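Undergrad: Dropping a structure here in structure tokens format, bear with me for questions.
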Amino acid sequence: MTVQVSVSLLSANPACLGEDLARIHKSGSDFVHIDVMDGHYVPNMTFGPDIIMALKKDSSLPFDVHLMVEDADRFIEMYAPCSDMITIHPETTKHLHRSLAFIRSKGKKVGVSLNPGTSISLIEPIFHMLDLVLVMSVNPGFGGQQFIPESLEKIKAIKDLSRLKNHPVEISVDGGINDVTAGPVVKAGATILVSGSYLFKQKEMKEGVQRLKKSGSL
Ligand code: DX5
Ligand code: ZN
């Protein structure tokens, strides 16, 4: 089984989003990872729903929308029309079960994201509702940060939990993914690699994507 790649639009040039989206399409990426930040839950702000909707009209790839916002339910409502999968952080909703059911009711794939300081015990009770667990391997808010090595243990623990619960999930890893960190991450159990700054720095994004996809077999 080869790992899938989700190129993060956060590292795109904001003045050329359409061109950079075309670059992602040509790269062989499996998804487009869209980081939505509200300036409250994280100290950065990004794409509004109109921008994402305009890009979606030009895209054949699934949009993997990662909400880093204080009021998850309000943003699920706003971003559902321009998303294929929606991932929320458990700290951003008063009622996690209800918010996940809300994402499902919109016909979207359901994801939960765990920060480096967040325990996986938070997702045990709702594990059966998930399609995706997004392991943050940096603190959320910015691209270009260094991979936190303790994330590997968390990936393994989620893989074990998935076996224990007999419920398969995608394990996506987000933050500091490059040709050095991808190998150990895939070995630990990741099935999707989110990568922004590493891939946008490549002259040929396609070669970077291929290198990440091969990382599991190294
Ligand atoms: C960070 C975002 C990431 C970001 C990763 O809060 O969730 O998706 O784009 O960027 P890199 O790959 O540069 O660490
Ligand atoms: Zn992200």
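Undergrad: Confirm whether E124 is within 19 Å of T2 (Cβ to Cβ) and more than 13 Å from ligand 2 (Cβ to nearest atom). I'd like the intermediate steps shown before the answer.
TA: Values: within 19 Å of T2 (Cβ to Cβ): no; more than 13 Å from ligand 2 (Cβ to nearest atom): yes.
Judged against the criteria, E124 is not a match.
Undergrad: While we're looking at this one, here's another question. When you go through G196, G176 one by one, which is the residue that is at positive phi, small (G, A, S), within 14 Å of ligand 2 (Cβ to nearest atom) and surrounded by 19 or more Cβ atoms within 10 Å (Cβ to Cβ)?
TA: Numbers: G196 fails: at positive phi.
Of G196, G176, the one residue that is at positive phi, small (G, A, S), within 14 Å of ligand 2 (Cβ to nearest atom) and surrounded by 19 or more Cβ atoms within 10 Å (Cβ to Cβ) is G176.
Undergrad: Another question, then. Filter region 99-128 down to the residues that are hydroxyl-bearing (S, T, Y) and surrounded by 14 or more Cβ atoms within 10 Å (Cβ to Cβ), then identify the one that is farthest from E150 (Cα to Cα). Give the steps one after another, and end with the answer.
TA: We begin by selecting, within region 99-128, every residue hydroxyl-bearing (S, T, Y); these are 99, 105, 113, 118-119, 121.
So of that shortlist, the ones also surrounded by 14 or more Cβ atoms within 10 Å (Cβ to Cβ) come out as 99, 113, 118.
Numbers: S99: 28, S113: 16, T118: 12 Å.
The extreme case among them is S99.
Undergrad: Here's something else I'd like to know. Six or more apart or on different chains, Cβ atoms under 7 Å: show the pairs whose first residue is in region 194-205 and over 15 Å from Q4 (Cβ atoms) and whose second is within 6 Å of ligand 1 (Cβ to nearest atom) and part of a loop (DSSP other than H, G, I, E, B).
TA: G196/G143; S197/G143; S197/G144; Y198/I177
Undergrad: Scanning for something modelled with pLDDT of 95 or more, among the small types (G, A, S), in contact with an Asp or Glu (Cβ under 8 Å, 6 or more places away or on another chain) and assigned to a helix (DSSP H, G or I), does region 61-75 turn up at least one residue?
TA: The answer is no, given that none of the residues of region 61-75 is modelled with pLDDT of 95 or more, among the small types (G, A, S), in contact with an Asp or Glu (Cβ under 8 Å, 6 or more places away or on another chain) and assigned to a helix (DSSP H, G or I).
Undergrad: Of the residues that make up region 154-173, is at least one within 13 Å of ligand 1 (Cβ to nearest atom) and buried (at least 22 other Cβ atoms within 10 Å of the Cβ)?
TA: Let us first name the residues in region 154-173 that are within 13 Å of ligand 1 (Cβ to nearest atom), namely 172-173.
In the following step, the residues that additionally are buried (at least 22 other Cβ atoms within 10 Å of the Cβ) were identified as 172-173.
Yes; the residues of region 154-173 include at least one that is within 13 Å of ligand 1 (Cβ to nearest atom) and buried (at least 22 other Cβ atoms within 10 Å of the Cβ).
Undergrad: Any residue that is more than 11 Å from ligand 1 (Cβ to nearest atom), more than 25 Å from R211 (Cβ to Cβ), modelled with pLDDT of 95 or more and not charged (D, E, K, R) - is there at least one of those in region 20-34?
TA: Within region 20-34 (the criterion being more than 11 Å from ligand 1 (Cβ to nearest atom), more than 25 Å from R211 (Cβ to Cβ), modelled with pLDDT of 95 or more and not charged (D, E, K, R)), the answer is no, since none of the residues qualifies.
Undergrad: Select from region 179-212 the residues that are in a loop (DSSP other than H, G, I, E, B), within 15 Å of the chain's Cα centre (by Cα) and polar (S, T, N, Q) and list them in ascending order.
TA: Within region 179-212, just T191 meets the criteria.
Undergrad: Spot the failing condition for M53; the list is (1) in contact with a Pro (Cβ under 7 Å, 6 or more places away or on another chain); (2) within 16 Å of ligand 2 (Cβ to nearest atom), and only one is missed.
TA: Status for M53: all satisfied but (2).
Undergrad: I would also like to ask the following. Under 6 Å by Cβ, and 6 or more places apart or on different chains, what pairs join a residue from region 111-126 that is farther than 18 Å from N139 by Cα and within 16 Å of ligand 1 (Cβ to nearest atom) with one that is of a type in the set (D, E, K, R) and not in a strand (DSSP E or B)?
TA: Taking only residues 6 or more apart or on different chains, not a single pair turns up.
Undergrad: Name the single residue, out of those in region 4-22 being surrounded by fewer than 21 Cβ atoms within 10 Å (Cβ to Cβ) and under 17 Å from L193 (Cβ atoms), that is farthest from ligand 2 (Cβ to nearest atom). Spell out the reasoning first.
TA: Within region 4-22, the subset surrounded by fewer than 21 Cβ atoms within 10 Å (Cβ to Cβ) is 4, 11, 13-22.
Next, from what is left, pick out any that are under 17 Å from L193 (Cβ atoms): 4, 11.
Working: Q4: 15, S11: 11 Å.
Of everything passing the filter in region 4-22, Q4 is farthest from ligand 2 (Cβ to nearest atom).
The values are calculated or read from the model by the stated rules, or taken from the named source; none is laboratory data. Keep in mind that this is a model prediction, so the values were computed, not measured. With ideal geometry, Cβ positions are generated from the backbone for all residues, glycine too; neighbour counts draw on all protein chains shown.
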